[in-house]
Structure formats: structure tokens, C-alpha cells
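**Student:** Have a look at this one.
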Amino acid sequence: HAPEPQMSIIDVPRVGDQSRIACKVQHRCFSAPPVLSLRGIPGTDRIIDSLVSDGIWERTTERTWKVEESHNQVECTVRYSGGQSAKSELLLHVECPYEDIKMVEPPGEMTEGVAKSIICSVSYKCKTNTPTIEWNYSDMQNLVKHQKISSSTYTTESNLTFIGSLGDNGKPLTCIAQFVAGGTSDSSVLQIKKYEEPVGEELNEKDTFRVLPADVPFKFSALTRSCVVIPCSFQDNEDELMTRGIWYKKTGGLVYHNARTSVLDHFKDRTRIMGNLNEGDCSLEVDDIKPFENGPFCFYAEKGLKKYRFNNSCVFIAMKASPDKPVMSSVPAEVNAGSSVTVSCSVSHTCSSHPPEFSWSVPFINNELSDTLLSRGVWKRTSTITFVVAGGDGLKNLTCTAIFWREKKQDSTVTLIVQGTLKHQMEKSVPVVIPVLLLVVILLAVVFGIFFWRKRKNTDGLRPPPRPEKRRTEEDRVGWQNARKSFWNRFSRRQNNLADLSVSYLNNTEMVACNKHFTKQSFPSPKRNQRRPAPPTPEDSYVYGNI
């Protein structure tokens, strides 16, 4: 048999780089050396012949090629001059290198509540090694894009819409690219500044406006993708009523107008005035608010052809990517199984038209909802439940989840120590077990009574005839029948004819005869010589057959 060639990798195969692989075999025929051929990867070959020892030569074929992702296996075949051949296979575990992820443009200085796009990008080889990019901030819009740069080079880009608060100032913003075999990250320190109320004219219109006082907060918070109701009120002492209320962006464009065609396209069907202008309420609802819709938004009104502007009528929307965390009332550290516990869960919000809902991790007896106005436009919704502690001693979690408009969620959890489960189960089962046991006892008594009654009734019936060698005498039989008479039959006054039935063997136990005779029931008599019934006649005998 021809010996198999030996294969080895000279350089580590990395996608996009050049690598070398060798296939060699030893032989003793220098004049007609074997032929080596490689299959599975394209490249250029170099043949090397070397003397190993006296009379033993080694031929090596070395191939250089550019590694690709699809190169998985190489096959080497050797053919000798005599016609024999052999082959070997080698698996190529190609590596897929990647570069360090980079934050394309650091966030720099930002204003609280103002969204900014921050991009992280990473380049890598192998499509199968596509990474996932994660950020250390959640609940923020993140768009991921994959792109092919060349035959073996790819990039993945993550565009995060970051919304910072004053509490994020000085904290790192980090993006992490996670590959199959490792990861890379990049960070930047956040610089968040407070929003300051602008000083200057609120309207840049050339028209002449009459000025009225208004009450609109210069800054108001909103949860992205949810809704916000911006509080707005004004004073007007004139008898003529306002005919139209208008909200607009300070940078240009109408946000709300009762003529829908005048509103900016991306605000259409998402804004409305919640209050009654005739009562001085100009509150504005913006539904499904987007991260970049900070404003400022300003309000003015019209009375026919007259336009009215208002002092303090512009508001800046400070966005929040995550809702506030619910706050739970205090509960006892230790509770008994089966006891009732009352607990409350509350959360603040600025969407009074669609307040949040609550879900609990335990079934409850009742649930009361209440709303409290904390400050202008800021509400607190509270859910108060009463529940029965379930059995199971040990640590149990009680979780309250606040579900905001358009499905954003936030939860809060407390831990309870449950005890007394066995006692609770026993107390709970006693009212049920006792009636069941009584019912079982009564049923058993009835069943056993029926069983013994039927058994006694069956024993009063016919018995099989005795074997011939154990036949009783006529006197013994009559005495035995008299002993079997019922106690009540002895005192019965009914004069019914009774039929006595006797069974006996005939003809050496091969035939059975059944004799019957009728008698009247006898009663005790002072006469000593009581008349006995006549013996059975042949007509009263019946042969039943062979045994």
C-alpha cells in the first residue's frame, strides 16, 4: 500500500491574508519521484526535494494562497510511478479577524433632554462573524446597519439616538461589539448641561400682536414614543372669544392648527388642544412624540383677524428615554401564609390623557386606582391592591410593573419572607376534610351492610347435596330444616302452603332426584301427637339428569 502524504499548515490562515500549506511524502525512487497535487484552495505551488537519509528522499509541495471565508478543507493526493495512489485531508480552521470598534463622533457637550445621534462602527472579516453592538444605556432608539465593503470585508454600524439627563453628566457612554470569539469596545465621557430659558422675543412675525399673560412652563419632560400633555393657560378679559389657538415651532412650521393642511407633515394627526379656549385652557397633547421633537413650541391665538401673543408661552420638551421607576409602599418583612396584605405602587408621568396601567406578580382581591396632581402637568398614578399571601415558606418576590402609553414598561420589586405555610394548609383543609370523612364513613357503612345482608340471604338458599357417603338420615334432615326456620315464621299467622324441596342422588350418584311436598305451616299445639306430612309420591319426584 502506498503511504499517505503528510499535511501541515505553515502560516495561520486568516481571512484576507496569504497563508501557506505543505504536503510531503517520503520515497526511494529519485529517478521517478511521486506526484503531489492539492485540491480545495487555489494558489501557486513550490516543489521541494530533499534527502532525508541514505536512499530515502522527501518530496514537498508548498502552496501559497489568499484565505477566504469559504476555504474549509484541503485534500492532497500522491501518485507513484507504479500506479499506486493515496490521499490525505486537512480541515482549515480559518480565523476571522476584526478591528477595534470606534465611536465615529464623540457626543461632546449636550443639553439635557435633547437627542443626539452617536455612531459606533466596526470593520471585520467573514459574514458569519457579524457582531452585535450593544450600549450601556437602554430604552433608546438604536438603528443597526450592515454593509459589505469588499469581497471579504464587512462593517457594522450602530446609530444610537442618545438622550441625556443631568444625572448622566460625567458618566461614560460605551458601545460594545461582541463577536463569536471575543469583543471590542469604545467609550466617551458625557458632558450634559442644563437647559436655560431663552431671553428675547418669542415670535418673529412682522404682524402686530396684542400681548396677553399666559402660563406655560419653559421646560417640560416627556417620555419618547409615549404622549405628553403640555399645560397651557391664559387670561383674556375681553368679551370677544378666541376663535383659534395655534401652536408652532420656534424654528418655523405649525405644530397644531385647526386647518389640518397647515400643519407640518410629521405632526399631522398627532397633536390636539385638550382644553377649552373659551375657558383660557390651551393645553396641547402630542402623541407618539419623537426623540428630536424638543421644540421649543410656542402658542398664540386669533380673534377673527386679530392675533394675540402671550408672555411665557414657549416650552422646551426635555425627552426621557426610560420611564420613571415605580415606588412601592413599605410592606412587612415577614408575612404569614394566608394573611391579607395591602400594598401600593405609584409612578409619575406627564401624559394625563393616557395614564399608565399596572400589573402585579400576584393575584389580588381588589385594586384601587387614584390620580394625584404633583405639579403643573405632572401626575402621579397609584395602584393599591389587597392580596392573600400564597403558601410556600421562604423568600418571595412581589413585583409591580407600570405599563405606559404605547407599551414602555418599568417595574419595581420587594422581597417578602413567607412563613407558616403548613399551619395555613391545615387550617384551610379542616372545613373540607371533616365532611368528606363523614361521608366516606357513611358510604362504607352502607356498603358493608348491603354486603352482609346479601351474604346472609344467599346462605338461606339451596345448598349442594352431600356426597353419598355423607348422606343424612331422614330424621337428621327434618331436624336440620326445623332448626333453619326463621324466628319470625314461627309467630306468623299466615296459613300459606309451603313447599319443601329435597335433593338426593339416585343410581349410585349418577342421577339426581328432586322431591317436593306441600305442607301447611304448623303452629305450636298442646296436642302431643302432631300429624306428620305424607311422604312424597313418585309424581313429586323429578330427575334432573346425569352428574
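The values are calculated or read from the model by the stated rules, or taken from the named source; none is laboratory data. These figures come from a predicted structure and were not determined experimentally. Note: ideal-geometry Cβ built from the backbone for every residue, glycine included; neighbour counts use all protein chains shown. We work out accessible area using only protein heavy atoms, side chains counted, and drop any ligands, DNA or RNA first. Shrake-Rupley method; radii C 1.70, N 1.55, O 1.52, S 1.80 Å.
**Student:** Quick check on my filter: what residues within region 314-353 are among the β-branched types (V, I, T) and either in a strand (DSSP E or B) or surrounded by fewer than 19 Cβ atoms within 10 Å (Cβ to Cβ) (or both)?
**Tutor:** Those that are among the β-branched types (V, I, T) and either in a strand (DSSP E or B) or surrounded by fewer than 19 Cβ atoms within 10 Å (Cβ to Cβ) (or both): V315, I317, V327, V331, V335, V341, T342, V343, V347.
Residues checked against (1) of a type in the set (G, A, S); (2) part of a loop (DSSP other than H, G, I, E, B); (3) modelled with pLDDT of 95 or more:
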{"site": "L173", "(1), (2), (3)": "no, no, no"}
{"site": "S185", "(1), (2), (3)": "yes, no, no"}
{"site": "G200", "(1), (2), (3)": "yes, yes, no"}
{"site": "T208", "(1), (2), (3)": "no, yes, no"}
{"site": "V211", "(1), (2), (3)": "no, no, no"}
{"site": "P217", "(1), (2), (3)": "no, yes, no"}
{"site": "A222", "(1), (2), (3)": "yes, no, no"}
{"site": "N237", "(1), (2), (3)": "no, yes, no"}
{"site": "M242", "(1), (2), (3)": "no, yes, no"}
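**Student:** Inspect all residues belonging to region 7-23 and state whether any of them is over 30 Å from Y124 (Cα atoms) and either surrounded by fewer than 18 Cβ atoms within 10 Å (Cβ to Cβ) or modelled with pLDDT under 90 (or both).
**Tutor:** no
**Student:** Something else about it: Which fully enclosed strands (runs of 3 or more DSSP E) of region 354-426 have 1 or more residues being among the aliphatic types (A, V, I, L, M) and open to solvent by less than 50 Å² (accessible area, probe 1.4 Å)?
**Tutor:** Passing ranges, in order: 378-388, 394-403, 409-419.
**Student:** If S226 satisfies all but one of (1) touching a His at 6+ places or on another chain (Cβ under 8 Å); (2) exposed (fewer than 12 other Cβ atoms within 10 Å of the Cβ), what's the number of the condition it fails?
**Tutor:** (2)
**Student:** Among the residues that make up region 31-41, is at least one of them open to solvent by less than 30 Å² (accessible area, probe 1.4 Å), touching a Gly at 6+ places or on another chain (Cβ under 8 Å) and under 26 Å from D11 (Cβ atoms)?
**Tutor:** No, region 31-41 contains no residue that is open to solvent by less than 30 Å² (accessible area, probe 1.4 Å), touching a Gly at 6+ places or on another chain (Cβ under 8 Å) and under 26 Å from D11 (Cβ atoms).
**Student:** In region 142-162, how many are part of a strand (DSSP E or B), farther than 23 Å from D324 by Cα and either open to solvent by less than 50 Å² (accessible area, probe 1.4 Å) or among the hydrophobic types (A, V, I, L, M, F, W, C) (or both)?
**Tutor:** 8
**Student:** Yes or no: E240 acidic (D, E), more than 29 Å from N142 (Cα to Cα) and touching a Gly at 6+ places or on another chain (Cβ under 9 Å)?
**Tutor:** yes
**Student:** Something else: From the set of residues in region 397-422 that are touching a Ser or Thr at 6+ places or on another chain (Cβ under 6 Å) and among the hydroxyl-bearing types (S, T, Y), which is nearest to S352 (Cα to Cα)?
**Tutor:** For region 397-422, the residue satisfying everything is T401.
**Student:** Further, regarding this structure: Collect the residues in region 63-94 that are touching a strand residue (DSSP E or B) at 6+ places or on another chain (Cβ under 8 Å), open to solvent by 40 Å² or more (accessible area, probe 1.4 Å) and either at pLDDT below 90 or more than 30 Å from C120 (Cα to Cα) (or both), keeping them in residue-number order.
**Tutor:** T64, E69, N72, Q73, R79, Y80, S85, K87, E89, L90, L91
**Student:** While we're here: Can you name the residue in region 111-132 that is among the hydroxyl-bearing types (S, T, Y) and touching a residue at least 40 places away in the same chain (Cβ under 8 Å) and is also least open to solvent (accessible area, probe 1.4 Å) among such residues?
**Tutor:** Selected residue: Y124.
Table: residues versus (1) open to solvent by less than 50 Å² (accessible area, probe 1.4 Å); (2) farther than 15 Å from S353 by Cβ; (3) of a type in the set (F, W, Y).
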site	(1), (2), (3)
K250	no, yes, no
S262	no, yes, no
F267	yes, yes, yes
T271	yes, no, no
N278	no, yes, no
V286	yes, no, no
K290	no, yes, no
N294	yes, yes, no
C298	yes, yes, no
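**Student:** Out of the residues in region 235-247 that are of a type outside the set (A, V, I, L, M) and open to solvent by less than 20 Å² (accessible area, probe 1.4 Å), which is nearest to S322 (Cα to Cα)?
**Tutor:** W247
**Student:** Further question: Does any residue of region 133-141 turn out to be modelled with pLDDT of 85 or more, surrounded by fewer than 16 Cβ atoms within 10 Å (Cβ to Cβ) and assigned to a strand (DSSP E or B)?
**Tutor:** no
**Student:** Restricted to region 99-132, and to residues that are more than 23 Å from F162 (Cα to Cα), not in a strand (DSSP E or B) and not charged (D, E, K, R), which residue is nearest to the chain's Cα centre (by Cα)?
**Tutor:** T130
**Student:** When you go through E68, E4, E62 one by one, which is the residue that is under 24 Å from T128 (Cα atoms) and touching a residue at least 40 places away in the same chain (Cβ under 8 Å)?
**Tutor:** E68 is the lone residue from the list that is under 24 Å from T128 (Cα atoms) and touching a residue at least 40 places away in the same chain (Cβ under 8 Å).
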